[in-house]
Amino acid sequence: MSLMYKGRILLVDDLPDVQKTLAGLLSDENYDVRVASSSAEALQLLEAELFHVAILDVRLDETDEDNREGIQLMHQIKQKDPSVTIIILTGYADVRMVQEALQPDGNGARPAFGFLQKTEIRQLVAEVKKAFEHAVHINTALDIQNAEYLSLMLSKKLRFVSGPKPSPKQLTEEANDILRKLFFGCERITLQPVQRGYSGVVVLKVIPWYQGEGQGEALIAKIGEHFLVDWTFGRAG
């Protein structure tokens with residue numbers, strides 16, 4: 001059995017018609033889309049949920065021609081969670097705005113992955129797909145067999161020493177993401193629980209299968225809070 005997987009997208013636009021149109025386009029492509037109308041709503045959602053991609057309209061107040069709240073939100077999101085990949089969407093682009101969104105910082109990282117004008121809306125789905133492949137670098141098509149072991153063991157065994165335990169849903173999402181990143185080049189993986197005496201840590205045997213190459217060498221993965229886990233990703237016999 002494999003967990004049904006959807007990439008998670010945060011869409012921020014102040015116009016309900018635009019929200020409906022874009023959310024519909026992305027939902028049709030099997031993405032899980034949450035919508036916010038303001039920076040405050042977007043930041044609240046980011047506190048409560050995990051997102052892979054955020055699509056931000058530059059102007060979040062159509063009554064103010066000088067509004068650039070989406071660019072400010074871009075920087076806030078990057079400070080809060082640098083792993084979120086950002087796509088800027090606007091009907092009022094100018095050169096300086098594009099430069100701020102795409103100009104690499106001191107570490108060579110660009111605040112935004114892409115920048116689209118609303119006249120290019122048909123390119124949005126392709127841009128999001130490209131973001132998942134090249135920036136998020138997550139295998140959304142990976143078939144995780146015996147995935148029920150992951151949810152069961154995470155809820156049962158994990159413990160945390162530096163904060164409250166996240167919800168079972170969030171634990172499963174994070175572990176699922178890790179596996180899809182680690183096994184990006186695989187067609188499917190099979191999970192098998194390993195019954196060992198690790199306290200507060202989930203130990204799994206992972207058998208990878210590669211497109212056109214068949215079964216790969218089995219691996220042992222340990223999942224848990226970094227204070228508890230002496231990280232190993234070793235070979236399994």
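The values are calculated or read from the model by the stated rules, or taken from the named source; none is laboratory data. All values derive from a computational prediction rather than experimental measurement. Glycine gets a Cβ as well: all are built from the backbone with ideal geometry, and neighbour counts include every protein chain shown. The area values use the complete protein model at the heavy-atom level, side chains included, leaving out ligands, DNA and RNA. Shrake-Rupley method; radii C 1.70, N 1.55, O 1.52, S 1.80 Å.
Structure notes:
- Qualifying residue in region 53-68 (condition: open to solvent by 60 Å² or more (accessible area, probe 1.4 Å), in contact with a helix residue (DSSP H, G or I) (Cβ under 6 Å, 6 or more places away or on another chain) and of a type in the set (D, E, K, R)): no
- Among residues of region 130-146 that are closer than 12 Å to Cys186 by Cα, those with a beta-carbon under 8 Å from a residue that is surrounded by 15 or more Cβ atoms within 10 Å (Cβ to Cβ) and polar (S, T, N, Q) at least six positions away or on a different chain give the pairs Asp143/Ser2; Ile144/Ser2; Ile144/Asn176.
- Residues satisfying the stated conditions in region 1-30, i.e. open to solvent by less than 50 Å² (accessible area, probe 1.4 Å), among the hydroxyl-bearing types (Ser, Thr, Tyr) and either out of contact with any strand residue (DSSP E or B) (no Cβ under 6 Å at 6 or more places or on another chain) or at pLDDT 95 or above (or both): Tyr5
- One residue stands out among those in region 73-90 that are crowded, with 21+ Cβ neighbours inside 10 Å and not aliphatic (A, V, I, L, M): the one that is modelled with the lowest pLDDT, which is Thr90.
- Selection from region 201-217 of residues that are surrounded by 15 or more Cβ atoms within 10 Å (Cβ to Cβ) and out of contact with any Asp or Glu (no Cβ under 6 Å at 6 or more places or on another chain): Val201, Val202, Val203, Leu204, Lys205, Val206, Ile207, Pro208, Gly216
- Failed item in (1) touching a strand residue (DSSP E or B) at 6+ places or on another chain (Cβ under 7 Å); (2) of a type in the set (D, E, K, R); (3) at pLDDT below 90, with Glu217 passing the rest: (3)
- Only one entry of Leu11, Leu45, Leu25 meets the criterion of being among the aliphatic types (A, V, I, L, M) and more than 19 Å from Gln123 (Cβ to Cβ), and that entry is Leu45.
- Positions within region 171-190 being more than 14 Å from Gly224 (Cα to Cα) and crowded, with 20+ Cβ neighbours inside 10 Å, in sequence order: Arg180, Phe183, Cys186, Ile189
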